[in-house]
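Visitor: Quick one: the structure is below, and I'll ask about it shortly.
The values are calculated or read from the model by the stated rules, or taken from the named source; none is laboratory data. Worth saying up front: this structure is predicted, and the values here are computed from it rather than measured. For neighbour counting, all protein chains shown are included, and Cβ atoms are generated from backbone atoms with ideal geometry for every residue, glycine included.
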Amino acid sequence: MEKILSFVREAKAELKKVTWPGKKQVWYSTLVVIAFTLFVAAYLGIVDMALTGIFSKVIS
């Protein structure tokens, strides 16, 4: 039981040392992730439509 308590104390001490990002940095990172996700989704959608068209012409 003492090992668990020691671990929890050490973990709390380490969490106090963490430099958490500010609100502005969190918003910027969130927008970058959303933009990248939309870009990849659009790219994959276009590639999917192109390959569907190509394979449907090859098959028929």
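Visitor: Does region 35-52 contain at least one residue that is surrounded by fewer than 10 Cβ atoms within 10 Å (Cβ to Cβ) and either of a type in the set (D, E, K, R) or touching a strand residue (DSSP E or B) at 6+ places or on another chain (Cβ under 9 Å) (or both)?
Guide: Scanning region 35-52 turns up no residue that is surrounded by fewer than 10 Cβ atoms within 10 Å (Cβ to Cβ) and either of a type in the set (D, E, K, R) or touching a strand residue (DSSP E or B) at 6+ places or on another chain (Cβ under 9 Å) (or both).
Visitor: Out of Lys57, Lys24, report the one residue that is at pLDDT 95 or above, part of a helix (DSSP H, G or I) and either touching a Leu at 6+ places or on another chain (Cβ under 7 Å) or loosely packed, with under 10 Cβ neighbours inside 10 Å (or both).
Guide: Just a single option satisfies the conditions, and that option is Lys24.
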